[in-house]
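The values are calculated or read from the model by the stated rules, or taken from the named source; none is laboratory data. Computed from a prediction, not measured in an experiment: that's the story for all the values here. Areas reflect the complete protein model, heavy atoms only, side chains present, ligands, DNA and RNA absent. Shrake-Rupley method; radii C 1.70, N 1.55, O 1.52, S 1.80 Å.
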Amino acid sequence: MQVLKSHKITAVLVAILVLLLVLGGSYWAYQANTSRHKTQTGSATKSEKTLDAELPKGVKASDWDLVLVNRAHPQNPEKPFDKVTVDDKQVDARIVEPLEKFRQAAQAAGYSTTLVSGYRSIAYQQQVFDTVMAGHERDGMSAEEARKATAAVVQIPGSSEHQTGLAVDLAGDDALAKYPQLDAAMDQFPSQQWLIKHAPDYGFVLHFLPGKEAEKETGIDYESWHFRYVGVANAQYMTKHHLTLEAYIEQLKKAGRN
Ligand SMILES: [Zn+2]
């Protein structure tokens, strides 16, 4: 009897101990899980807040130097602006000085540059589009097939950033000598690398960045020569956070900067 009783007590004690261990273990796991979750949520909120806090002061998505023209945001007819001729191209008068300083700095670093393209009117873009399309039709495509094939390589009139006068195709002379038709591989040249690296100091960014994500956002494959003026503060912020103009405008709007 005595033996049995003490066995019973031992069994009960063991059971309580096991129960405590199980409960304690689950509670610990629950706590750990909750705090991990809290940390994750906390850091996501914090980084978003930090990003918004770092947004350049007074900047709005509707600012003139952030105008967005692409296939998803066509602009037709084009918005008029003051045009100034630089070399034999035209650009928006407001970017003449920054562009000149940018190219002078490149020259001082040992890299002469060529302004390949500046403002292109919708009418000109239409001409290019029609010419390429007519070629496809001559080769036997139907009008619809020809339109599709053309749209794959030529911006649809009204959706090219060049119509804003804020975009330039700018190339290091040595890179251009090797790739007169412009090519992403121009970025193998130190001249083009210098331009890409220092563009933000003069208010420009490379708009069509490399990488699947960026190409999805812009709808355009990587172009190592197409620079877009957005102003120094915007350019530096976008570069620091690896943002395309599309993504940056999205962020401004989310932050209530319309
Ligand atoms: Zn371009």
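From the phi angles alone, apply the Karplus equation (6.51, -1.76, 1.60; θ = phi - 60°) to the stretch 136-152 and give each ³J(HN,Hα) in whole Hz, x where the residue is Gly or Pro.
Ordered by residue, 3J(HN,Hα) equals 5, 5, 4, 7, x, 6, 6, 4, 5, 4, 5, 5, 5, 4, 6, 4, 6 Hz.
For the stretch 59-66, what does the Karplus curve 6.51 cos²θ - 1.76 cosθ + 1.60, with θ = phi - 60°, yield as ³J(HN,Hα) per residue in whole Hz, taken in order and with x for Gly and Pro?
7, 10, 4, 8, 4, 4, 7, 10
Could you state the number of Å between the C-alpha centres of the stretch 224-242 and the stretch 173-223?
Here the answer is 12 Å between Cα centres.
Under 1.5 on a/c is rounded, so check that first for the stretch 138-219, then, if it is not, pick prolate when a/b is larger than b/c and oblate when it is not; a ≥ b ≥ c are the square roots of the alpha carbon gyration tensor eigenvalues.
It comes out prolate by the Cα gyration axes.
Relative contact order for the stretch 43-175 using alpha-carbon pairs under 8 Å, separation at least 6, rounded to a whole percent?
34 percent
In percent, how large is the relative contact order of the stretch 158-235, given Cα pairs closer than 8 Å and 6 or more residues apart?
Taking the mean separation of contacting Cα pairs over the length of the stretch 158-235, I get 33 percent.
Using the Karplus curve 6.51 cos²θ - 1.76 cosθ + 1.60 with θ = phi - 60°, work out ³J(HN,Hα) for each residue of the stretch 103-112 in order, rounded to whole Hz, and write x for Gly and Pro.
Computed from phi, the couplings for the stretch 103-112 are 6, 5, 5, 4, 4, 5, 7, x, 10, 7 Hz.
Which of the aspartates and glutamates could a cross-linker span from K253 if the Cα-Cα distance has to be under 19 Å and same-chain partners fewer than 8 positions apart are dropped?
Correct list for K253: E48, D52, E54, D63, D65, E217.
Please list, ordered by chain and number, the residues whose modelled amide H lies under 5 Å from the amide H of Q90; skip anything fewer than 5 residues away on the same chain.
Counting only residues 5 or more places away or on other chains, the set is G118, Y119.
Determine the per residue accessible area of the stretch 130-258 with all protein chains present and a 1.4 angstrom probe, expressed in square angstrom.
47 Å²
Mind checking the full-extension length gain between K49 and N258? Use 0.36 nm per residue of separation minus the Cα-Cα distance, one decimal, nm.
Roughly 73.5 nm would be gained on extension.
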